[in-house]
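The structure appears right after this line, and notes come after that.
Just so it is clear, none of the values below were taken in a lab; they were calculated from the coordinates. Model, not experiment: these values are computed from the prediction. Cβ placement follows ideal geometry from the backbone for every residue including glycine, while neighbour counts extend to all protein chains displayed.
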Amino acid sequence: MKNKFIHFFKLVFPSTFTELAVFLFFITCYGVLGSYIAVHYRIIFDSRIPWDAYFSFDNKSILMTGGSFERHPLSYYFFNWIREFALFISGGKTDATFRLTLAWLSNIVISLNMIQVFKYLKNIIRLPLYYCLFILLFFGMFSTNIILSFTPENFTYTLFLLTLYNYYSAVKLRKETKIPALALSLAGITIGGLTITNFVKVFIPVLFEKNLFKNWRNLGNAALRVLIATVCYVLLYLNRIDFKYEAVFSKTNQQYEKFSNVESMPTWDMILSFFFGGNILFPGFIISDKHNMKGFNFKGLYMELYTSPLSYIFVCLMMALMIWSYCKNFKNKWVQVITLSFLFDIVIHCVMRFGLHTSYIYGGHFVFVYPLLTGWLFYAYRSSPKTLYVLTLTFSVLLMYLTANNVFRMSEFFDFLNSYYQ
């Protein structure tokens, strides 16, 4: 048991001096940003604003209730702990100390997420250190990481848990060992409990276990592990809603109708600007008048469609590089795992159109795929110096544009805070 705990801590937290240095770098950068926002502005948590203060995040609603049960079945329990801990630190007040605690919890989680990506690049793909750090810096500038580093939301913790599980399952696949039923159950409960659509992703790595489809015993063992995880999850979900399962279907249908029927913007543009783009490269912002349905009016900030051709070029080039990586590594089981996971989100948001007009907020479900596929692309050409040079130059240019754009957009975000949330 002692060895299992040691292995768990080495898995989740920095376990080498390099990993510790990476963690300290990101926790400092994100921490400065989040601390400043928490101390000087009330946007992270304002008791009068239930949702949509910025980019459609539901900070107060999530912290107080865990979110809607049909989309976030078990997050009620998780955020009870988060809220009570923050209130304990702040002495029961929802003041700057309360906001600072929430921001630092998010900061720690996103910094740990960066460590999981680094571990994957270093230990699974086995890239040289300088490529790992380069890709990690590129990933660290993504809009999703910047925003979630101070945002107390389901997506913040989902991003970390999904990245952690992808690294854990990748280790199991490399060692050619099975993912235990307990690990599958815990992953299903935590990942699927925070966002129900991610529950299926937990079982994708199982499909690539050694000799799964060549031996009936292996297939039966896998089916049993999946069944155990599913039963545990379903029972906890049903217990959460007092076994009134009819409500799940009615509420789910209502949510789908609400978030899938937006006709004001072209579908192709929402896919590029919001789903593939907004999670990485900030678009422009628009300010909207909002109210909390109890007489309080406030301003909300949303992302709009891209207006610069350079932004579309950036997104299209990123998509082309990811497709290139997938095609080049088609026979690679690790690449298949992360691509299938990403494909699941593409179907939900781009094909079924669920939340497509605000799909930039769903980056926590899949944005980690980009640095991992980038790493596999570099790995595929490890013996081709000329191609590596071209790839490094291409991503360097992308990084410069990404940094310039996102820093500028964050300055606009601070203008919004100074105007309405001091």
Legend entry - Highest-fluctuation residue, His365, His349, His40 considered, GNM on the chain with Cα pairs under 10 Å: His40
Inset, instruction - Place a +1 charge on the Cβ of each Lys and Arg in the chain and a -1 charge on the Cβ of each Asp and Glu, then give the dipole magnitude about the Cα centre in debye, rounded to the nearest 20. - result: 1680 debye
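If we count chymotrypsin sites (Phe, Trp or Tyr not before Pro) as exposed when they sit in a DSSP loop and have at most 13 other beta carbons within 10 Å, what is the longest stretch of the chain that avoids them all?
Within the chain, the longest run free of exposed chymotrypsin sites (Phe, Trp or Tyr not before Pro) spans 1-212.
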Legend entry - Positive-end residue of Ser383, Tyr165, Phe88, charge dipole of the chain with Cβ unit charges: Ser383
Legend entry - Ile6/Met400 FRET efficiency (R0 35 Å; Cβ-Cβ; nearest 0.05): 0.25
Legend entry - Qualifying trypsin sites (Lys or Arg not before Pro) for the range 142-186 [loop in DSSP, other Cβ within 10 Å: at most 13]: none
Inset, instruction - Would you please name the trypsin sites (Lys or Arg not before Pro) within the range 307-375 that are DSSP coil residues with at most 15 other C-beta atoms within 10 Å of their C-beta? - result: Lys331
Legend entry - 3J(HN,Hα) from dihedral phi, the range 47-53, Karplus parametrisation 6.51/-1.76/1.60, rounded to Hz, x for glycine, proline: 4, 8, 10, x, 6, 6, 5
Inset, instruction - Using only alpha carbon pairs under 8 Å that are at least six residues apart, calculate the relative contact order of the chain and give it in whole percent. - result: 20 percent
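Looking at the chain, send over the antiparallel percent of its DSSP beta bridges, to the nearest 5.
Taking every DSSP beta bridge with both residues in the chain, the antiparallel ones total about 90 percent.
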Inset, instruction - Filter the GluC sites (Glu not before Pro) in the range 128-209 to those in DSSP coil with at most 14 other Cβ atoms within 10 Å of their Cβ, and list the result. - result: Glu176
Legend entry - Selection from Ile179, Leu194, Leu20 lying farthest towards where the dipole of the chain points positive, charges on Cβ: Ile179
Inset, instruction - Kindly provide the helix-only [θ] at 222 nm of the chain, computed as the sum of -39,500 (n - 2.57) over DSSP H runs of four or more divided by all residues, to the nearest 500 deg cm²/dmol? - result: -20500 deg cm²/dmol
Legend entry - Glu176 paired with Phe330, simple spin-label distance in nm, labels 7 Å along Cα-to-beta-carbon: 2.5 nm
Legend entry - Calculated FRET efficiency for the pair Asn239/Phe296, C-beta based, R₀ 45 Å, to 0.05: 0.80
Legend entry - For the range 2-420, convex hull volume per residue from C-alpha positions, Å³: 155 Å³
Inset, instruction - Using only the Cα atoms of the range 49-94, each taken as one equal point scatterer with no solvent, compute I(q) by the Debye sum, divide by I(0), and report log10 of the ratio at q = 0.22, 0.31 Å⁻¹. - result: -0.77, -1.04
Legend entry - Candidates Gly300, Gly363, Gly277, ranked by Gaussian network fluctuation over the chain, Cα under 10 Å, top entry: Gly300
Inset, instruction - Would you mind checking the pairs Lys178/Lys201; Lys10/Lys214; Lys10/Lys93 and listing those with alpha carbons more than 28 angstrom apart? - result: Lys10/Lys214; Lys10/Lys93
